[in-house]
Amino acid sequence: MAIEHSSDPNGLPHEGLVPIRTVASLTGVNPVTLRAWERRYGLIKPVRTPKGHRLYTMGDVDLIHQVVALLEAGMSIGQVRQVVSSEQAKMGKEEEQSADLWAGYQRRMMQAIIRFDTNVLDELYNDILSLYPVDIVIGRLIVPLLQELGWRWEHVRGGVAEEHFFTVYLRNKLGARFHHLRRSLQGPKLLAACMPGEQHEIGILLFALAAMGRNYRVVLLGANSPLEELPLVAERADCQAIVLSGCMELSAEVLHKDLGQLIRRAGVPVFIGGKITTQHCKELTAAGAILLGDDLNLALHKIDTILVRH
């Protein structure tokens, strides 16, 4: 995946918004029911576009799963509303405290990056990982740091060097963790690679770690992977799906020829995430790719759903 930032050299994921049809697919709750829960009970409060279309966060998706579980346990919708309201009030206070905590971590990490102080950066990073799971650290610390560095890369003197410094540091750290985690996993196997011409592999590394946090095994090829070789790799490694990531503009040959050939030869689902899914949505869909967008959690939810069907 790629966290989108205008001219961000990492192209890395932000928290995405999804339409009601996607939410219905992920939760099994039809759009009519979702709209009723919103109007009558105020259970869900989607964002509205200027044209009035509903857009939902992954937090909304998780809430809908919770509502379904409570209803299946025998609660009435009125009782569910009371439980959800009480939990949301409690979570609001906890989230405020958590936001302050992670903002402090981000500030201290950024100060170390600006000073190019590897020792302090290493100490902070290791301490945080000893306290929190890697997927939490990715979402609450690493992604915001990369987004801020993307902004500094454009607007602050020395920002390019800061981004290069942290990218090299992070690639080494994530790579070491990737090789450590993969030994104990037993789930479906994914082949993960960057699109041709894509040199920034932090996004696909973050995806790989998040997937491994859900027990997926991952064969990681990294930057600038040739599409014509992927079916052979997937077959030899017995992969259940191929996941591609990119934020750079695709050439006409890749978009209209190579990608279609890959999907026809792959024999497994081909997922694509990152900024290119908005740049070339129609072309990628027409080629037969399954689009994941920029949000890691939503991407993994979708992969879970598709692979269960297979």
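FYI, it's all coordinate maths here, none of it is from the lab. All values derive from a computational prediction rather than experimental measurement. Here the Cβ is made from the backbone with ideal geometry for all residues, glycine too, and neighbour counts use every protein chain on show.
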Checklist entry - Expressed in nm to one decimal, what extension gain is obtained for the pair Ala237 and Leu131 from 0.36 nm per residue of sequence separation less their Cα-Cα distance? => result 34.8 nm
Checklist outcome for this item: Taking Asp238, Asp304 and counting other beta carbon atoms within 10 angstrom, the fewest-first order is Asp238, Asp304
Next on the checklist: Order 203-209, 142-148, 109-115 from most to least packed using the mean count of other Cβ atoms within 10 Å.
Outcome noted: 203-209, 142-148, 109-115
Checklist outcome for this item: FRET efficiency for Ala69 and Arg157 from the Cβ-Cβ distance with R0 = 51 Å, rounded to 0.05, comes out at 0.45
Next on the checklist: Placing +1 on the Cβ of each Lys and Arg and -1 on the Cβ of each Asp and Glu in the stretch 111-200, which of Val134, Val156, Ala192 has its Cα farthest towards the positive end of the resulting dipole?
Outcome noted: Ala192
Checklist entry - Which residue fluctuates the most in the chain, going by a Gaussian network model with Cα springs under 10 Å, if the choices are Thr49, Thr277, Thr33? => result Thr49
Item to check | Surrounding net charge for Asn215, when Lys and Arg each add one and Asp and Glu each subtract one, Cβ distance under 14 Å | outcome: +3
Next on the checklist: Net charge within 15 Å of Ala176 by Cβ-Cβ distance, Lys/Arg positive one each and Asp/Glu negative one each, not counting Ala176 itself?
Outcome noted: +3
Item to check | Listed residues Arg48, Arg140, Arg217, most fluctuating in the chain (Gaussian network, C-alpha, under 10 Å) | outcome: Arg48
Next on the checklist: Sort 286-295, 120-129 by packing, meaning the average of other beta carbons within 10 Å per residue, with the highest value first.
Outcome noted: 286-295, 120-129
Checklist entry - Between Val67, Asn224, Trp102, whose Cα lies farthest towards the positive end of the dipole of the chain when Lys and Arg beta carbons carry +1 and Asp and Glu beta carbons carry -1, centred on the Cα centre? => result Val67
Next on the checklist: In whole Hz and in residue order, list the ³J(HN,Hα) couplings for the stretch 161-171 that follow from phi through the Karplus curve 6.51 cos²θ - 1.76 cosθ + 1.60, θ = phi - 60°; x for Gly and Pro.
Outcome noted: 5, 4, 5, 5, 4, 6, 4, 5, 4, 5, 4
Item to check | Candidates Lys282, Lys189, Lys173, ranked by Gaussian network fluctuation over the chain, Cα under 10 Å, top entry | outcome: Lys282
Item to check | Distant-in-sequence amide H partners of Ser245 (H built 1.01 Å from N, under 5 Å) | outcome: Ala193, Cys194, Met195, Gly273
Checklist outcome for this item: For Leu185 and Thr49, extending 7 Å from Cα along the Cα-Cβ vector and measuring point to point gives, in nm, a value of 3.4 nm
Next on the checklist: What does the charge count around Asp238 come to, taking other residues whose C-beta lies under 13 Å from its C-beta (Lys +1, Arg +1, Asp -1, Glu -1)?
Outcome noted: +2
Checklist entry - Rounded if a/c is under 1.5, else prolate if a/b is larger than b/c, else oblate: which is the stretch 170-244, with a ≥ b ≥ c the root eigenvalues of its Cα gyration tensor? => result oblate
Checklist entry - Which value, to two decimals, describes the C-alpha radius of gyration of the chain once divided by 2.2 N^0.38 Å? => result 1.05
Item to check | Neighbour-count order for Cys239, Cys194, Cys281, fewest beta carbons within 10 angstrom listed first | outcome: Cys281, Cys239, Cys194
Checklist entry - Which is farthest toward the positive dipole end of the stretch 184-309 among Leu206, Leu307, Cys281, measuring Cα position about the Cα centre, with Cβ charges +1 (Lys, Arg) and -1 (Asp, Glu)? => result Leu307
Checklist entry - What FRET efficiency do you get for Val168 and Arg21 if R0 is 45 Å and r is their Cβ-Cβ distance, rounded to the nearest 0.05? => result 0.65
Next on the checklist: Can you show me the helix-derived [θ] at 222 nm for the chain, built from DSSP H runs with n ≥ 4 at -39,500 (n - 2.57) apiece and divided by the number of residues, rounded to the nearest 500.
Outcome noted: -18000 deg cm²/dmol
